[in-house]
Amino acid sequence: MTEKTWTGRLPTVKSKADLVYESLRSAIAEGKLRPGAKVNMDELARDYGVSKIPVREAVKRLESEGLLASKVHAGVTVAEVDLTEMRGVFLAREAIEGLIAGLVAEQPGNSVIPNLEEIQKAMREALDEGAIDRLPELNTSFHRALASATGYRILDELTEQLLMTIRRYRLVAPIDTMNWRAVVEEHDTIIAALRAGDAAAATEAARAHTAAQARHEVES
């Protein structure tokens, strides 16, 4: 038996299931589909102009990510996020964010810093204008940029998953303006450590940032 060499190219066009998945995931992240909301697959198929098959595939994928839940007699709903889960999320984030910041601080040049500073500027402008609704996405962009700068895809994926859970939780338990200002100040401390190339300080700043948010949001 000889080893077969695979030379076929992957398709560049997204499948209908991929498009439905991305649309539903975006709706969940943005709060258009809130925790506990029912998801009617027949209606989705009609709205998207597709058969039920790609909708079912997209729903199964979102269920595997914990974003949708299927129960007998209750159908499919957007998964709820409770305090117990959130405590675990913040514990995981504290470890991962610290690792990410430390890795980025060790990089020569820290080319991600201008991007982070631009995001910080936009967050301050949103605060000054009272546009609190813009802050969740900007905050996500800040942490995405840091994770991406490590060069490790797994850290990108873990960051994305954890941030998604936090954003969904904040839909039902939003943080106030004072806490958003604390978030921006904590980001500044992380950037300062990155600029100094101090991995230990960057790790500590990132962990302290996440721990502070956990105390504000999930401590009983």
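The values are calculated or read from the model by the stated rules, or taken from the named source; none is laboratory data. If you're wondering where the values come from, they're calculated on a predicted model, not measured in any experiment. Here the Cβ positions follow ideal geometry from the backbone for every residue, glycine too, while neighbour counts run over all protein chains shown.
Summary of values
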| read-out | value |
| --- | --- |
| Residue within segment 79-87 that is surrounded by 13 or more Cβ atoms within 10 Å (Cβ to Cβ) and over 18 Å from the mean Cα position of the chain (by Cα) present | no |
| Residue in segment 47-60 that is crowded, with 18+ Cβ neighbours inside 10 Å, within 23 Å of PRO136 (Cα to Cα) and either at pLDDT below 90 or polar (S, T, N, Q) (or both) present | no |
| Every residue from segment 143-161 that is within 16 Å of ALA206 (Cα to Cα) and among the β-branched types (Val, Ile, Thr) | THR150, THR159 |
| The listed residue being aliphatic (A, V, I, L, M) and farther than 18 Å from ASP188 by Cβ, out of LEU138, LEU163, LEU127, LEU116 | LEU163 |
| Check on GLN107, in contact with a helix residue (DSSP H, G or I) (Cβ under 9 Å, 6 or more places away or on another chain) and either closer than 26 Å to ALA214 by Cβ or touching a residue at least 60 places away in the same chain (Cβ under 8 Å) (or both) | no |
| Matching residues, segment 148-204, being within 15 Å of PRO136 (Cα to Cα) and in contact with a Gly (Cβ under 7 Å, 6 or more places away or on another chain) | LEU171 |
| Selection status of GLU80, at pLDDT below 90 and among the acidic types (Asp, Glu) | yes |
